[in-house]
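Colleague: My questions all concern the structure below.
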Amino acid sequence: MHLKRVLFLPDKYPNKEDYPFNLDIFRQTHEIVFHSNLTFLVGENGTGKSTLLEAISHRCGFHIWRGHSRSRYNKNPYEKELYRYISLDWQNGRVPGSFFASDIFRNFARNLDEWASMDPAMLSYFGGKSLMSQSHGQSLMSLFKARYKIKGLYLMDEPETALSPKSQLALLSVLKRMSGKGHAQFVIATHSPILLACPDAVILSFDDYPIESIEYEETAYYKLYKAFLENRAQILSEL
């Protein structure tokens, strides 16, 4: 593993009222220790998974490919500030890596297209095709297969978005293969019971605090999908 642990510094938080510093999970969790090259973060929306991934990304110096920002009413000045109040403990020094989220992927793909207009050879890294010319799912898999061959730390926020179940299995295969080689470490927020089934992965639950590991069969996603598939008629009749 490259990243050994994330330490939270709650005594230095600017306040207790604004997100994300108002979340008990960041106030009651002192550290996250990584025991696997593949760690999944699970929990309901709003529990802080994506916020933590972005904070780690900022702390690592990874670029996040955002588009043009828009004005917002009553903007929270602390929304993106968690990275200032965490520290990272590395195994053998900092490594390169990247942050992925579906909502920023198109910004990267558009930039890549502009660069390729001047140097088409760079598309060979992604199978020789523009990511913009492929379907969303196809372009995601082209990126995953190319990028994760490189040694590094990879942070992913709900990569299953826009992926069919078959493509999720293909991504699971990439994660299993690359993390098993030991040169790539993944920390992934997901709602996908398919990805969560990856062997040797550690699953951390954000539904309770402090953050702790749980078994695959204990995840809410596994329980919900299992119950639906086994009792579909009854569940639908109760809606």
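None of the figures in this text is laboratory data; all of them are computed from the coordinates on show. These numbers come from a predicted model, not from an experiment. For neighbour counting, all protein chains shown are included, and Cβ atoms are generated from backbone atoms with ideal geometry for every residue, glycine included.
Colleague: So which lysines can Lys226 reach, going by Cα to Cα under 29 Å and dropping same-chain residues fewer than 8 places off?
Modeller: Here the lysines satisfying the reach criterion relative to Lys226 are Lys49, Lys166, Lys176.
Colleague: Further question on the same structure: Within 9 Å, Cβ to Cβ, of Glu54, how many net charges do the neighbouring residues add up to if Lys/Arg are +1 and Asp/Glu are -1?
Modeller: Value of the local net charge: 0.
Colleague: Checking the a/c ratio against 1.5 first, then a/b against b/c, what shape does the Cα gyration tensor give for region 130-239?
Modeller: oblate
Colleague: In addition: Could you tell me which of rounded, prolate or oblate describes region 177-239, using a ≥ b ≥ c as the square roots of the eigenvalues of the alpha-carbon gyration tensor, with rounded for a/c under 1.5 and, failing that, prolate when a/b is larger than b/c and oblate otherwise?
Modeller: Prolate, since a/c reaches 1.5 and a/b exceeds b/c.
Colleague: Further, regarding this structure: Under the √(5λ) rule applied to the eigenvalues of the Cα gyration tensor, what semi-axes describe the equivalent ellipsoid of region 1-41? Give them in Å, descending.
Modeller: 24, 11, 7
Colleague: Let me check I've understood the local charge: for Ser87, count other residues with C-beta under 14 angstrom from its C-beta, Lys and Arg +1, Asp and Glu -1. What total comes out?
Modeller: +3
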